[in-house]
Structures are given as C-alpha cells and as structure tokens.
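One structure is given below, encoded as structure tokens.
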Amino acid sequence: MVSKSPARLAKRTETQAEEASIVVGLGEIWVTRNPKAVLVTFGLGSCVAVCVYDLEVKIAGMMHVVLPSGNNSTLNGRSPGKYADSGTPLLIQRMENLGAARTRMVAKIAGGARVVHGAPSETLMDIGQKNVEAVKKALEREGITISAFDTGGVHGRSVWLKTGSGLMMVRTASNGYIQF
Amino acid sequence: METSSKDITLSKDEMRVWSNLAIKGIDNAMSGLATMVNRQIDIRSLSLRQVPAKDAPAVVGGSDKLVMGIYLTFTGDATGYIVLVHPPEFALTMIDMLLGNNPGSTANIHEMEQSALAEMGNIIGSSFLNAIADSLGLSLRPSPPEVILDMAGAILDAALAEILQESDDVILAETTFNTGDRQASGTFLVLPSLSFLKVVLGSAGAK
C-alpha cells in the first residue's frame, strides 16, 4: 500500500484553494463549499443540469438529471441524481449538510433539449421537456426559487456553475457562451 | 466493480451469446456498407464491454466533442437505439464516397449530404438488425435515421436515458471502421437496453 506523502498532501491542499473544476457526470450529484470551485457538466442533451447555490456561505451543488421519475424505485447509490423527483431532495440535503440554508438557496437550470426526435417508446418521447417539468416541480416542492433557466431547444449544452458568484454559464454547439 | 440488483449483469455464457450475435450483426452491417460505397471496409477494432453509463460519451471522444451522429431507433419484439458517430471531417469524406465525388469535394452538409448520411445509417442499422432478427426469428424494425451535428453527450443522451431506466451500466458494442484507400472512419455503437438483451438472450436460449 502506498501512503500519502506530505508533498502530495500539500499539492492537494493547494489545488483546492485554486479554481477547481468538478465534473458532474450522468446521474451524479456534487456539492462543494470551495468558493473557487466550478461545477461543470458537458454535453447535455435531454438531460438537465440543476444548479443550486447559497451565496452567503458560498456552497453550491449540481445534479445531472437523466429521467423525470424513478417511480419510487430504490436508488443504488451510484447514480443518486438520475431522477428529478428523488435526486432533488438529496441535492438539497447534501448542501444543508455542508452548512447551506434552504431559505437562501437559489436554483438555475439548463438542458432538456430535443436533440433526437424519434423515440422507441411513449415514455421516452420528448424526455427533455419531461425532465425540465419534473425538475421544476421538485424544486417547488423543496421551496426553492428558480432565478434563471435555459431549457428546451434542439441543441446540446455544456453548463458551468461558479460557487463563489452563483453564475451559470451555458455553451451550445451552435451559439457560444451565455451567462445567467 | 460495484453492482446492485438493478444493474445489467450478464453471465459469461450470456455475454458469449450476445457477443456472437453482435459480431454477426456488425459483419453484416459492414458488408452492407461496403456494397453501398463499392469499396472494401476494414473493421479496425471491435469491442464489446460493460461500462458505467456516465463513461459512455468518452467512447466517442468526450461529452462536449462536436460529432456527426446518425441515429436510429428500433421497435418490434424489442426496442433500442443504434448510433453512428463520426468526427465532422470524416463525415465529409464519407459523403464524398457515398455520392461518388472526388475526395475533398464536400465542404458543407446540406440536404443532399444529410440524406446520404441517413442512407448510410439506414444500411448499417438495418443490416445489423436483420442479421440478429433473422438468426433468432424476431421482428426488429428500424426507424428512419436522423442526422444530427451536436455534442457527443447530447446525441447519446436519449439512448442512455432508455438504458438508465433499468440500469446504471451500459453494454456497448463499439466498432471502428475505415476504408482501404481513403481516410474515413467512424464509430458504430450499439447500446442495447436491458429489455432488449432479455428478449435477445431469451430467444437465443430457446433455440
């Protein structure tokens, strides 16, 4: 077994203080209280990035939603943010665990495009729009306001959230960057 | 690998059965393409493996990479997606070949170029499905293809959403191919859902 050398530990602390990108993969939830951290998710199609932040304590979280509802199926821990309905309370709870307050939380969402038109089943038809609706409902249930959104359309998106400022940046394959 | 009861888990035997079928399908797809462009198509690599769904876009160069995707859904005894992914510059070379143009003459993708790519997707997708359907006595009907230029992750999202309804892992069949004399290559991805695999393995076992 390799033990962590002091040099390696020092390096880790250093990068934490610098601007660190945290990539949020399909179905993942990430929360951070590093004010320099940038949460990012690449290439969203029908998926939705749910960005939530508390500016006072500089805590932010991002969730990469794939489907609207798990219909109460049990989550197996690997993709806690897969479903809008069960993932949203988890995201909020994890941020609260870090010290964020629900009353100060603000949400911004992006994604839910219709990149592909055909679907092999009714459930998957226009899944992007269904995801957006489910995310909006879930945030409303948690009492969190959405202050900006960039959803729908037919193009993929990459989404960045800056913990320190709560700025959300969206890039599409066709248009460059837009800030929210 | 961490697994749970909800994940796709294929036994060694099942994986072998699926591999044989997928390879049969891919062979048929590539010879269909060879006939269409009247050229030899070389399969450069063929890989069947299980990866976490979130890692699937990495197979085609990363989630935010701009790619030309040709997308088919299929219905019938089972449903699923077939996706062909090309870097945009290789898509142009493929179009030259498909339309019988001199190399390097296609610079933009308009309606005609798009339908050439769609036709290629049609040939590859239906040849693949036919090989599997015929050997198992199933009916699998492909949809008309959609041709999309977008980020790889965005193109794969719909297919991954179907699979993620049932599992956090995907079993993908990845083929990269090129032509003997021209530098064109593409990735042909088959992303079977758990229900598709169940139907296919069920029929294969019944034989």
Sole residue being among the acidic types (Asp, Glu), part of a strand (DSSP E or B) and away from chain A (no Cβ under 14 Å), chosen from B:13, B:42
B:42
Sole miss for residue B:63 among (1) more than 30 Å from residue A:160 (Cα to Cα); (2) polar (S, T, N, Q); (3) crowded, with 19+ Cβ neighbours inside 10 Å is condition (1)
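Could you tell me which of the residues A:122, A:142 is within 13 Å of chain B (Cβ to nearest Cβ) and either among the small types (Gly, Ala, Ser) or farther than 14 Å from residue A:46 by Cβ (or both)?
Numbers: A:142 fails: within 13 Å of chain B (Cβ to nearest Cβ).
So the residue among A:122, A:142 that is within 13 Å of chain B (Cβ to nearest Cβ) and either among the small types (Gly, Ala, Ser) or farther than 14 Å from residue A:46 by Cβ (or both) is A:122.
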Out of curiosity, is residue A:78 under 28 Å from residue B:68 (Cβ atoms) and part of a loop (DSSP other than H, G, I, E, B)?
no
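This table checks each residue for (1) touching a strand residue (DSSP E or B) at 6+ places or on another chain (Cβ under 8 Å); (2) of a type in the set (Lys, Arg); (3) at pLDDT 95 or above.
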| site | (1), (2), (3) |
| --- | --- |
| A:69 | yes, no, no |
| A:95 | yes, no, yes |
| A:98 | yes, no, yes |
| A:104 | yes, yes, yes |
| A:125 | no, no, no |
| A:134 | yes, no, yes |
| A:141 | no, yes, yes |
| A:174 | no, no, no |
For region B:169-180, check the following and say yes or no: at least one residue is touching a residue at least 40 places away in the same chain (Cβ under 8 Å), in contact with a Gly (Cβ under 7 Å, 6 or more places away or on another chain), buried (at least 21 other Cβ atoms within 10 Å of the Cβ) and not aliphatic (A, V, I, L, M).
yes
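Quick check on region B:94-122: of everything there that is in contact (Cβ under 8 Å) with a residue 40 or more places away in the chain and more than 23 Å from residue B:57 (Cα to Cα), which residue is nearest to the chain's Cα centre (by Cα)?
The residue in question is B:119.
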State the number of residues belonging to region A:122-180 that are basic (Lys, Arg), touching a residue at least 40 places away in the same chain (Cβ under 8 Å) and outside any strand (DSSP E or B).
3
Unique residue being within 12 Å of chain A (Cβ to nearest Cβ), part of a strand (DSSP E or B) and crowded, with 19+ Cβ neighbours inside 10 Å when the list is B:150, B:157
B:150
Can you confirm whether region B:175-186 contains a residue that is over 15 Å from the mean Cα position of the chain (by Cα) and either within 14 Å of chain A (Cβ to nearest Cβ) or part of a helix (DSSP H, G or I) (or both)?
no
Inside region B:51-81, can you point out the residues that are within 15 Å of the chain's Cα centre (by Cα), more than 10 Å from every other protein chain (Cβ to nearest Cβ) and over 28 Å from residue A:159 (Cβ atoms)?
none
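The values are calculated or read from the model by the stated rules, or taken from the named source; none is laboratory data. On a predicted model such as this, the values are computed, not experimentally measured, just so you know. Virtual Cβ from ideal backbone geometry, glycine too; neighbours counted across all protein chains shown.
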